[in-house]
Structure formats: C-alpha cells, structure tokens
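What follows is a set of notes on a single structure, which appears directly below.
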Amino acid sequence: RAKSEGRGTYRFFEARMGVEVRERRLLEHDLRHAVARGEMHLVYQPQTDVGSGAVIGFEALLRWKHPERGFVSPAVFIPIAEESDAILRIGEWVLREACREAATWPHPLSIAVNVSAVQIHSPHFVGLVHEVLLKTGLAAHRLEVEVTETALISDPNRALLTLRQLKSLGLRIAMDDFGTGYSSLSNLRSFPFDKIKIDGSFVRSVDSNEQTAAIVRSVLGLGRGLGLPVLAEGVETEAEFGFLAAEQCHAAQGYLMGRPSPIGQFSQHTHGTVPVTDENRKR
Ligand code: C2E
Ligand code: MG
Ligand code: MG
Ligand code: MG
C-alpha cells in the first residue's frame with residue numbers, strides 16, 4: 001500500500017512539474033512580445049533622504065500586464081526573462097523609458113534602474129547606456145544602476161570591467177539587496193560601488209528585533225567605514241524609519257514614503273510644484 005501511495009505521490013509531483021515547466025515556457029514565449037505589444041510599463045518609488053525627508057530620486061520598477069493573466073510579478077517573470085535572454089530587449093526598453101522620463105525632472109532628482117546579470121555581461125551594454133544618456137539628455141550623474149551581487153559572481157573579472165566602464169560614463173552603481181543571496185564582504189572591496197542598499201528583509205522590524213537591529217547597525221558602520229551611503233529598502237513603519245534616522249542611515253525607500261506608482265502620482269516632486277518638506281514626505 002505504501003508503495004502505491006509512493007508512486008501516486010511521485011506521479012503527482014511529475015504532473016505538477018510538467019505544469020510548471022509548461023507555465024514557464026508559455027510565459028517565456030509571451031515575454032518575447034510583451035514590450036512590442038505595449039504590455040510593459042514602469043512604476044516609480046521615491047527614495048528619501050532620511051535626515052531632511054526630501055525626495056532625492058526614484059527607483060524604476062517594471063510591471064507586466066499580461067493580456068489574460070493580469071499582472072505578473074517581476075519576481076516571477078524577470079528570472080524567466082533572464083534565462084531566455086528576453087531580458088536584453090526588456091532591459092533596454094526599461095533603460096530608455098526610465099532615462100527619458102527622468103530627463104524631464106528637476107535637476108537633483110536621480111533615477112535608479114535595476115540591471116540584471118545578463119545585461120551586465122552583454123558586450124553591448126556599456127555602449128547602450130552611453131547612447132541612451134546622449135539621446136535622452138539625462139546627465140550621467142543622475143543615473144544610478146542597481147546590481148545584485150549574484151549578477152557579478154558568474155564572471156567577476158568581466159563584471160568588474162563593465163562596472164568600471166559604466167562609472168567612467170559618470171553614473172553611479174548601487175549594490176542592491178545587500179545581505180541576501182551570495183553577498184560577501186569581499187564584493188564590497190572588489191567592485192566600485194557608490195551605494196549599499198540594505199535588503200528590506202533586514203529592515204522589517206528593525207525597531208523591535210535586536211538581532212536585526214545589530215545587523216543593520218553593522219551595515220551602516222560598514223558604509224561609514226567605506227565612505228558609502230546606505231539606503232534602507234522596504235521601510236513600512238514610522239518605528240522602522242525612526243530607528244534608521246537615529247542610526248544615521250542616509251536614505252530610505254518603502255511603502256511608508258510611497259508605493260511604487262505611475263509617475264504622475266509624484267508630480268509635486270517631478271514638476272517641482274510643491275517644495276519638498278517633511279510635511280508632504282508621505283504623500
Ligand atoms: P528590488 O530592486 O530589490 O526592488 C524592491 C522591491 O521591493 C520591489 O518589488 C518593490 O515594489 C518592493 N517594495 C518596495 N517598498 C516596499 C515595502 O515597504 N514593503 C515591501 N514588502 N516591499 C516593498 P517589485 O517591484 O515586485 O520588484 C521585485 C524585484 O524585481 C526587484 O527587487 C528587482 O530585483 C526586480 N525588478 C523589478 N524591475 C526590474 C527591472 O526593470 N529590471 C530588472 N532586471 N529587475 C527588475
Ligand atoms: Mg532595485
Ligand atoms: Mg532590493
Ligand atoms: Mg530584489
């Protein structure tokens with residue numbers, strides 16, 4: 001009896017895996033046409049200076065509205081796009097769209113764009129960034145490229161070369177999701193980062209969990225020692241924000257200051273109509 005049950009379970013898994021593989025293939029197929037069919041758009045999330053409460057820039061986050069499935073999370077479709085190289089076309093679209101948008105904003109505001117490993121390792125990437133900056137007229141120092149450590153480890157020498165070439169264009173490079181995945185302190189020394197983004201999983205409950213607090217404090221100390229500003233992601237509560245302010249974290253991003261939204265939502269900042277004060281920080 002146990003035996004037949006075991007086989008049943010096996011068949012169940014086999015069937016499920018079949019569905020998942022098929023699902024992936026369907027999404028992979030649809031992803032190839034998603035940009036051309038106008039199914040992709042960007043939302044923007046404010047990044048705030050913790051000391052003054054001023055909005056200092058926005059991170060562009062990709063959204064895909066599938067014609068039948070509705071919104072598919074980037075956490076689901078980005079890895080699929082990365083496997084199939086569709087990420088190159090999608091990533092190029094993101095870069096053009098985000099820089100075109102940011103070029104219309106008042107000057108100090110910056111734009112952060114997520115870039116995947118496949119893009120970093122593409123021989124055309126640096127040239128593409130250069131071309132997009134020229135074409136959109138966005139000053140290079142207003143562009144920040146966000147990379148995760150996983151994007152660098154497969155071919156660290158090549159990644160280092162690319163990051164150096166990017167920096168020579170005048171843009172900045174942020175290490176995204178610091179503290180997760182393959183993060184290793186040696187990456188901070190080996191690669192020319194301009195900023196550390198602490199992953200939201202370390203920011204959650206930082207005000208009430210002593211271990212989390214100790215980790216965040218040590219990352220802030222690391223940033224100070226290396227002369228790198230630190231941005232905390234995923235800030236949801238006043239208590240978390242208060243902790244970060246007390247610990248002199250430079251910048252913060254999260255639902256507390258603003259959810260990722262269409263840029264029109266933030267027109268008071270991007271058109272400079274309302275002075276940035278603490279008062280309207282949370283609007
Ligand atoms: P990420 O770059 O680390 O982006 C931060 C994620 O945290 C975003 O998820 C954002 O919506 C979410 N978030 C922001 N504030 C809060 C908060 O207060 N609480 C919580 N719980 N979450 C918050 P999203 O938009 O689903 O994106 C997920 C990931 O997908 C991104 O993580 C990034 O790695 C990737 N991604 C998004 N857009 C792009 C893109 O254009 N290109 C590439 N290569 N990757 C992208
Ligand atoms: Mg990011
Ligand atoms: Mg992140
Ligand atoms: Mg992430």
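The values are calculated or read from the model by the stated rules, or taken from the named source; none is laboratory data. This is a predicted model, so every value here is computed, not measured. A quick note on method: Cβ atoms are made from the backbone with ideal geometry, for glycine too, and the neighbour counts reach across all protein chains shown. For accessibility, only protein heavy atoms count, side chains too; no ligands or nucleic acids. Shrake-Rupley method; radii C 1.70, N 1.55, O 1.52, S 1.80 Å.
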Relative contact order for the chain, counting Cα pairs under 8 Å that sit 6 or more residues apart, in percent:
19 percent
Among Gln268, Ala232, Leu244 - extreme Cα towards positive end, dipole of segment 127-283, charges at beta-carbon
Gln268
Limiting things to C-alpha atoms, what are the Rg and the maximum Cα-Cα separation (Dmax) for segment 172-236, in angstroms?
11.3, 34
Please sort by residue number the trypsin sites (Lys or Arg not before Pro) in segment 17-48 whose DSSP state is loop and whose Cβ has at most 14 other Cβ atoms within 10 Å.
Arg37
On a C-alpha basis, how far is the centre of segment 56-78 from the centre of segment 176-222 in Å? Whole number, if you could?
25 Å
Over segment 31-174: Kirkwood hydrodynamic radius from C-alpha pairwise inverse distances, Å:
15.8 Å
At 1.4 Å probe size, put Leu161, Leu95 in order of accessible surface, largest to smallest.
Leu161, Leu95
What length, rounded to one decimal in nm, is gained on full extension from Arg164 through to Ala245, with 0.36 nm per residue of separation minus their alpha-carbon distance?
26.0 nm
P(r) weight above 25 Å for the chain, C-alpha pairs, percent
52 percent
Could you compute how much accessible surface His29 exposes when probed at 1.4 Å, giving the result in Å² to the nearest 10?
100 Å²
Neighbour-limited loop hits for chymotrypsin sites (Phe, Trp or Tyr not before Pro), segment 90-194 (at most 16 other Cβ within 10 Å; DSSP other than H, G, I, E, B):
Tyr182
Quick check: net charge around Ala246, other residues with Cβ under 14 Å of its Cβ, Lys/Arg +1 and Asp/Glu -1?
-3
For the chain: lysine pairs under 30 Å (alpha-carbon distance), excluding those fewer than 8 apart on one chain
10
Only sites in a loop by DSSP and with at most 11 other Cβ atoms within 10 Å count here; which trypsin sites (Lys or Arg not before Pro) in segment 139-205 make the cut?
none
Which FRET efficiency, nearest 0.05, do Arg189 and Ala36 yield, Cβ-Cβ r, R0 51 Å?
0.75
Given a Förster distance of 30 Å, the FRET efficiency implied by the Cβ-Cβ spacing of Leu228 and Asp85, rounded to the nearest 0.05, works out to 0.40
